[in-house]
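**Student:** Pasting a structure below so you can have a look.
The values are calculated or read from the model by the stated rules, or taken from the named source; none is laboratory data. Everything numeric here is computed off the predicted structure, so don't read it as measured data. Neighbour counts run over all protein chains shown; Cβ positions are idealised from the backbone, glycine included. Side chains are part of the model used for accessible areas, which takes the heavy atoms of the whole protein and leaves out ligands, DNA and RNA. Shrake-Rupley method; radii C 1.70, N 1.55, O 1.52, S 1.80 Å.
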Amino acid sequence: MRVIGLMSGTSYDAIEAAAADLTLVGDTLHMRPLGHLSVPYPDELRDLIAATLPPAATTTQAMCALDTGIGQAFADAAGHALSELCDGTADLVVSHGQTLHHWVEDGTVRGTLQVGQPAWIAEATGLPVVSDLRSRDVAAGGQGAPLVAMTDTLLLRGLPGIPAALNLGGIANVTVVAPGAEPLAFDTGPANALLDAAVRHFTDGAAAYDEDGRRAGAGRVSAELLTALLDDPYYRRPAPKSTGKEHFHLPYLLRALAAVPTPAADDVLATLTRLTAVTVADACRANWVTNLVVSGGGLRNPVLMRMLADELPGVTLRPSDELGLPSDAKEALAFAVLGFLTVNGLPGALPSGTGARRAALLGSITPGLSPLRLPEPAARPPRLLRITDVH
């Protein structure tokens, strides 16, 4: 089955599209990546997302405009993927949509909202679309995140030691696959969320992120600010747990800055980078991780990666590319896997990673132009992921 995966994370700068041929043989899922591409959001749509995200107030008109605008942008990305990666032929599109809110109260997820109307994708491509993949896990008592844990587990299972996968997007999440134990997955805290918010704040919007970590590298860590940030109760909560920009946002950072002697801007960025490194390292140490497979935008920040290595001496860090999974396309490919599992009648979430009562079938299916015909349900779920013939 040829599947296109679409993803836009908490950084909401672009839509990542990836395509792969997926085949389930026995207990092994075979993936042949066909390539990936990135389609930036139009400026006005990105601005509307930024103006709508918590803690901002919004209106139903703005929500309707976002649902339509994001759906159309995802449809455009799917069209590019179909023609440029798939030679015009595919079987399924899987859309994560754009997360606008992840509603957490006292560690319990009450709901999660990803927008981007899938009807636009189905109409533009003619293909069936699996979307809204998080809500069913939440309804089953889970966190709805991190859903990349299924792909992580299939990829890491069988590696020596205690391997873990780390994704550094707006929020950082880890999946730990220890031998003889159920996989564990959770959000460790912010990766780029606070960093990007700080850069936009300090540059009055002229810059969106700290390119190559240059400003953080020029700054010095403020011990007072780091201590204040680490005092957040989220870090002490047991897994499974999840978070997002509804918690880690600019007003959150400004409150922390108001409580300590005012550091220079570059020192704030150095401190936020160290915060990510410390909270990720704490999670890895607590679970005896011996090697860490890294993906996401934070992988391109050499200062963050150096701080991570400093915090985790003796732990091998390597990009997911070395296992055949392109780091820039990992989340899009992970959602392609989830959609493939759904249409084959298989659950896509791991209860040990999300805390759900059971492993649920994920998502809703929007038919394409042809009558919807699903494959016969698979006999059993995969245990391993094998990646071959990388494009």
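**Student:** Of Leu48, Pro238, Gly217, which is farthest on the positive side of the dipole of the chain, counting Cα position, with +1 on Lys and Arg Cβ, -1 on Asp and Glu Cβ, and the Cα centre as origin?
**Tutor:** So the residue furthest toward the plus end is Pro238.
**Student:** I've got another one for you. When only Cα pairs under 8 Å and 6 or more residues apart are kept, what is the percent relative contact order across the chain?
**Tutor:** On the way: 897 pairs, mean separation 95.4, N = 391.
Worked out over the chain, it gives 24 percent.
**Student:** How far apart, in nm, are the 7 Å Cα→Cβ label points at Ala181 and Ser38?
**Tutor:** The answer from the label model is 3.4 nm.
**Student:** What's the angle, to the nearest 10 degrees (0 to 90), between helix 265-286's Cα axis and the longest principal axis of the chain?
**Tutor:** Roughly 60 degrees, rounded to the nearest 10.
**Student:** From the Cα gyration tensor of region 50-156, with a ≥ b ≥ c the square roots of its eigenvalues, which class applies: rounded if a/c is under 1.5, or else prolate if a/b is larger than b/c, or else oblate?
**Tutor:** Details: a/c = 2.46, a/b = 1.25, b/c = 1.97.
Oblate is the answer for region 50-156, as a/c is 1.5 or above yet b/c matches or exceeds a/b.
**Student:** Have a look at Ala286, Gly126, His249 and report the one farthest towards the positive end of the charge dipole of the chain, computed about the Cα centre with Cβ charges (Lys/Arg +1, Asp/Glu -1).
**Tutor:** Ala286
**Student:** Order the peptides 75-86, 368-379, 130-141, 316-327 from the highest to the lowest mean number of other Cβ atoms within 10 Å of their residues.
**Tutor:** Details: 75-86: 20.6, 368-379: 10.5, 130-141: 22.4, 316-327: 17.2.
Final packing ranking: 130-141, 75-86, 316-327, 368-379.
**Student:** So between Leu369 and Thr68, what do we pick up on full extension, going 0.36 nm a residue minus the alpha carbon distance?
**Tutor:** Working: separation 301, 0.36 × 301 = 108.36 nm, distance 1.94 nm.
Extra length from Leu369 to Thr68 when fully extended: 106.4 nm.
**Student:** With a 1.4 Å probe and every protein chain kept in, tell me what percent of the accessible surface of the chain is carbon plus sulfur. Display every interim value, and only then the final one.
**Tutor:** On the way: 8410 of 15820 Å².
Ligands and nucleic acids excluded, carbon and sulfur give 53 percent.
**Student:** Taking the Cα centre as origin and putting +1 on Lys and Arg beta-carbons and -1 on Asp and Glu beta-carbons, what dipole magnitude results for the chain, to the nearest 20 debye? Spell out each step's value before the answer.
**Tutor:** Values: 28 positive and 40 negative charges, 217 e Å.
In total the dipole reaches around 1040 debye.
**Student:** Over region 121-172, with the other protein chains present, what is the accessible area per residue in square angstrom, probe 1.4 angstrom? Don't jump to the answer; show the numbers that get you there.
**Tutor:** Numbers: 1210 Å² over 52 residues.
That works out to 23 Å² for each residue.
**Student:** Let me ask another. Could you work out how far helix 60-84 tilts from the main Cα principal axis of the chain, as a 0 to 90 degree angle to the nearest 10?
**Tutor:** For 60-84 against the chain, the angle is about 60 degrees.
**Student:** At a Förster distance of 45 Å, what's the computed FRET efficiency of Ala265 paired with Arg357, Cβ-Cβ distance as r, to 0.05? Spell out each step's value before the answer.
**Tutor:** Working: r = 46 Å, r/R0 = 1.03.
Rounded to the nearest 0.05, the efficiency is 0.45.
**Student:** On to the next question. Counting alpha carbon pairs within less than 8 Å and at least 6 residues apart, what relative contact order, in whole percent, applies to region 1-130?
**Tutor:** On the way: 251 pairs, mean separation 37.5, N = 130.
It rounds to 29 percent for region 1-130.
**Student:** Among the DSSP beta bridges whose two residues both lie in the chain, what percent are antiparallel, rounded to the nearest 5?
**Tutor:** 65 percent
**Student:** Per residue of region 196-211, what does 6.51 cos²θ - 1.76 cosθ + 1.60 with θ = phi - 60° give for ³J(HN,Hα)? Whole Hz please, x for Gly and Pro, Karplus curve as stated.
**Tutor:** 5, 4, 5, 4, 4, 5, 6, 9, 6, x, 5, 10, 9, 7, 8, 4
**Student:** Another question, if that's okay. Please calculate how many Å² of accessible area region 240-292 carries per residue, with a 1.4 Å probe and no DNA, RNA or ligand atoms counted. It would help to have the intermediate numbers written out before the result.
**Tutor:** Working: 1930 Å² over 53 residues.
The answer is 36 Å² per residue.
**Student:** Nearest 500 deg cm²/dmol is fine: what mean residue ellipticity at 222 nm does the chain get from its DSSP H runs of n ≥ 4 alone, each adding -39,500 (n - 2.57), divided by its residue count? Display every interim value, and only then the final one.
**Tutor:** Working: 13 runs with 138 residues, N = 391.
Value at 222 nm, helices only, nearest 500: -10500 deg cm²/dmol.
**Student:** Evaluate the distance, in nm, between pseudo-label points positioned 7 Å from the Cα of Ala379 and of Asp27 along their respective Cα→Cβ axes.
**Tutor:** Output for this residue pair reads 1.3 nm.
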